[in-house]
1. Among the residues of the range A:178-214, write down those that are among the hydrophobic types (A, V, I, L, M, F, W, C) and either in contact with an Asp or Glu (Cβ under 7 Å, 6 or more places away or on another chain) or over 30 Å from A:Val279 (Cα atoms) (or both).
2. Between residues in the range A:435-452 that are within 12 Å of chain B (Cβ to nearest Cβ) and within 16 Å of B:Ile131 (Cα to Cα) and residues that are among the small types (Gly, Ala, Ser) and not in a helix (DSSP H, G or I), which pairs lie under 6 Å by C-beta distance while being six or more apart or on different chains?
3. Take B:Leu128 and tell me if it is of a type outside the set (Val, Ile, Thr) and within 17 Å of B:Leu239 (Cα to Cα).
4. Could you check the range B:224-274 and list, in sequence order, the residues that are assigned to a loop (DSSP other than H, G, I, E, B) and either touching a Pro at 6+ places or on another chain (Cβ under 9 Å) or free of Cβ contacts under 8 Å to residues at least 24 places away in the same chain (or both)?
5. Going through the range B:120-142 one residue at a time, which ones are out of contact with any Gly (no Cβ under 6 Å at 6 or more places or on another chain), within 11 Å of chain A (Cβ to nearest Cβ) and under 28 Å from B:Val256 (Cβ atoms)?
6. Considering only residues that are of a type in the set (Ser, Thr, Tyr) and more than 7 Å from every other protein chain (Cβ to nearest Cβ), which ones fall in the range A:377-402?
7. Would you check if B:Ala136 is in contact (Cβ under 8 Å) with a residue 40 or more places away in the chain and crowded, with 24+ Cβ neighbours inside 10 Å?
8. Just for the range B:68-87: of the residues that are surrounded by 24 or more Cβ atoms within 10 Å (Cβ to Cβ) and outside any helix (DSSP H, G or I), which one is farthest from the other protein chains (Cβ to nearest Cβ)?
Amino acid sequence: MNAIILISILGIFTMMSEFIGLKKFIYPIILLSLVGILGYNICSFWNTPEVHYGMLLHDNYSVAFGSLLITITLLWFLLSRESYSAGEFNQGDHYALILFSTVGGLLLVSFTNMSTLFLGVEILSIPLYILAGSRKKDIRSVEASIKYFILGSFATGIMLLGIALIYGATGTFDLAAIKIAASQQSLFYVGITLLSISFAFKISAVPFHFWVPDVYGGAPTFITAFMSTFVKVAAFGAFYHLLDSIFTQVPSYLSYTLIGLSALTILIGNLAASYQNNVKRLLAFSGVSQAGYMLMVFPMLSVGSKSSLFVYLAGYAVANLIAIYVVHSIEKLKDEATVENFGGLAKSNPFLAFVMTLALISLAGIPPAAGFFGKFYLFTEVIKGGNIYLVLIAILGSLISVYYYFKTIIAMYSEPENTSSAVRYEFGFAKIILVIMSVLVVLIGLFPDILLQIGKQI
Amino acid sequence: MITTLLIILPLVAALLVYLAGQRLAPTVAIAATVLEFAVALYAYFTFDVAAGWNFAVNQEWIPSLGISFNIGMDGISMALVLLTTFLLPIILLSSLLSPLKDKASFYSLALIMQSALIGVFVAKDLFLFYIFWELALIPIYFICLLWGDENRRPVTFKFFIYTLFGSLLMLAAIIYLYTVTPEKSFALENIYNTDLSALEQTWVFAALFLAFGIKMPIFPLHTWQPSTYTSAPIAGTMLLSGIMLKMGIYGVIRWVLPVVPTALMNWGWLAALLSVIGIVYASIIAIRQSNYKTLIAYVSIAHVGLIAAGLFSNSVEGLQGVIAQMLAHGVNVVGILFVIEILLNRTGTLEISKLGGLRNQMPQFAVFFVVIMMASIALPSTNGFIGEFLLFVGIFNYNPYLAAVAGLTIILGAVYMLSSYQKIMLGEAKSAYNNVLDLTLIEKSILIPIVIVIFVFGLFPNLVLDLTEPAVNEILHTVNNSIPVAN
């Protein structure tokens, strides 16, 4: 809860920095504050769970997911610095919006009341509607913004309706009270279904994924990086928290629906990704399929499934940030990050090619990267839960995914070098961050036990 | 400790090689592999056959999932580690013949691959085994992709998809096995102790058989292999056929036979049958090949078919034959691939019809070529003989008819090997090759150790067979103990 307040203050301060003349210093201030808040948040991991004002729950789950979210924001700030040096965007506004979005994400992983859930979704999304359209003269950016806004508000509307119906059935907004009052009324189940649909939209599960390629593809790439990692972690954290709080066991109809959604998402996400030639859109669809893998553990609601979700999300977020950053670098030199434009990257910039390879290997789930362990752990939990057929579908999906991830890798390592395409990079800030993140990807893959221990405590 | 050293040494060497730069990279890499071989030899001479698992290390790794860094060597592992460490210096030396671009990366990848291969052979934890199994795939993929010929992109892609498909199925089987262990652990003993119904065993067997069968490869899972062998750089083909396919065979011995014995009893015949079909099929195709490297790729399928048939014979002779033949095949195929490299280096072609009469210009080469060829068609007193003999004994006891069909390999093998030798080395000398040179010093330094091993192992097979016999008995003991007694 303190983290939420502190980041809100930081956001307001950032907005005001423009006219109180602190514009130059705002970047280091944000970084230092975020590091401080992250440290503070991690330290509160062992505190006894408590509910604040009947609105926010402070327990290990919210601390763990909150720390993950703050880490992503921090990494985003570290990586996106160069995007603002050209002066195309108003730095202060963007930073403030990202911070507000972070607050929304934090609310989402710690709500204990339906109204907080709704607030969180709105605070998370509204800044992103603006940010998606921040390249005002680019028609695709504007399209992304409008599409995201219209479909996003539609989903929020469905969510509100769901909350209202649940209120109608149980007479309360409080999760603990809903759990007790949960009855066999059809009204209640309709409400839960509507809520699940709106979450399926947020986590981009098939068939609610149509906005993803256009929004991710049209928005400025560094905003896509934030949307495809932060929003996904927050939405997954919230959805799981919701189901975990109001059910001891997912009702069978919902469980089958989730399994079906998951299988569909894995297959369609991967198939669609394999037809993409633009790496940014490819990553967008790969994000859809990754959502499918994570949905697999939802029907179980066990300690293991919670923990495997957390480990998977952590690995996914880091690898995806790296991959999108590399796409961003390519886009700076050429208009589009098509697979062909990655040709010869291994020669013109071996470092960038290497980190991209590592990120893609992780996303594909091949050892020793983090993504492999995440998948392995996820599959283990699903098989324990008795859904071996779902795992076989996921394996089929993974196989398809290797096709498109390696399409990019092959292009980087074997196309003849196109001299005009060389991406030159100064040894600088972003490079250090990329090294750290790559090491993190390998470390999570090789020594996942620390993360696992955290995961089991939440 | 030695086992850990064997895994870590190549990794450290890979880093050093990368840092050493292009000029020094080959020297450092070869020195490191020779050192590694010395360590393996030391392990071999201090190996205590009676003790079962030697040099074992068991360190917790991911305790919450029952995963540990659990390694050690029994006789079978020791034999394969010896093979790997013996072949690596030879493979790296042979890659000196053709100039490579970006040597440092190439040698680093080869060393990482060595580390992973050794890891596969010494892992006593199923999860660890899987990690090393997959780790071995990445370097070889990049070796084929970066240094292969002009067809490399679609070919390596096919190779990667095939093997990854197998690996993923194996992953599912591994996780399933893990969930049924009472201790929730991946350790060898616990995996051996699982109590699976016949149906469960069948599914696990199917998944594992696909994974290992693709790697070997067994007919009809072999379609990635000829094109990959043909388009990979020579060192890549050597790594693939000399060592990597042994991963599949070893995997069956270690992780299939003792784990799913009932399924083996019910379905082993099918696997053996497919293997034997593969022998005949590949041999016939080999006879028709015009490119010598592709021919060798098919020959490799035929040889592996025989080994695989022995795997499912459920007898000491059969399994001992499998191990002996694995070692012999590893050495011989690397030898014959090196012969190919020399041919390519001198004449610029591998089309058999364009070659001929080389013996006059290259008498020394002709001698080495004959010896290696005889070894690969299993002439007595060469290393190929003892393995093939034991395999036939094992298969004959299992099913005489199968042995009869498999026996065709002796005749067909002689046909394709001798006729290709005849076409390449004998006959009328072609004027284009009047000036080719005989072997250089470095080439001899590669061929001589190979020939020494061919004869030493051919004449004293017990050097290895004594080493592996207790381990083989142990495996068969586990297999036969866990088959429910029919009543």
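The values are calculated or read from the model by the stated rules, or taken from the named source; none is laboratory data. This is a predicted model, so every value here is computed, not measured. All Cβ positions, glycine included, derive from the backbone under ideal geometry; neighbour counts span all protein chains shown.
1. Step one: filter the range A:178-214 for residues among the hydrophobic types (A, V, I, L, M, F, W, C), giving A:178, A:180-182, A:187-188, A:190, A:192, A:194-195, A:197, A:199-201, A:203, A:205-206, A:208, A:210-212.
Once the filter is applied, which keeps residues that are among the hydrophobic types (A, V, I, L, M, F, W, C) and either in contact with an Asp or Glu (Cβ under 7 Å, 6 or more places away or on another chain) or over 30 Å from A:Val279 (Cα atoms) (or both), the range A:178-214 yields A:Ile178, A:Ile180, A:Ala181, A:Ala182, A:Leu187, A:Phe188, A:Val190, A:Ile192, A:Leu194, A:Leu195.
2. Filtered contacts from the range A:435-452: A:Gly445/A:Ala369.
3. Numbers: of a type outside the set (Val, Ile, Thr): yes; within 17 Å of B:Leu239 (Cα to Cα): no.
No.
4. In the first step, residues of the range B:224-274 are kept if they are assigned to a loop (DSSP other than H, G, I, E, B); the result is B:224, B:232-233, B:257-260.
Answer for the range B:224-274, where residues must be assigned to a loop (DSSP other than H, G, I, E, B) and either touching a Pro at 6+ places or on another chain (Cβ under 9 Å) or free of Cβ contacts under 8 Å to residues at least 24 places away in the same chain (or both): just B:Trp224.
5. Initial filter on the range B:120-142 (out of contact with any Gly (no Cβ under 6 Å at 6 or more places or on another chain)): B:120-123, B:125-131, B:133-142.
Within this subset, residues satisfying the condition of being within 11 Å of chain A (Cβ to nearest Cβ) are B:127-128, B:130-131, B:133-138, B:141-142.
Of everything in the range B:120-142, those that are out of contact with any Gly (no Cβ under 6 Å at 6 or more places or on another chain), within 11 Å of chain A (Cβ to nearest Cβ) and under 28 Å from B:Val256 (Cβ atoms) turn out to be B:Phe127, B:Leu128, B:Tyr130, B:Ile131, B:Trp133, B:Glu134, B:Leu135, B:Ala136, B:Leu137, B:Ile138, B:Tyr141.
6. Taking the range A:377-402 first, the residues of a type in the set (Ser, Thr, Tyr) are A:377, A:380, A:389, A:398, A:401.
The answer is A:Tyr377, A:Tyr389, A:Ser401.
7. Values: in contact (Cβ under 8 Å) with a residue 40 or more places away in the chain: yes; crowded, with 24+ Cβ neighbours inside 10 Å: yes.
Criteria met by B:Ala136.
8. If we take residues in the range B:68-87 being surrounded by 24 or more Cβ atoms within 10 Å (Cβ to Cβ) and outside any helix (DSSP H, G or I), then B:Asp74 is farthest from the other protein chains (Cβ to nearest Cβ).
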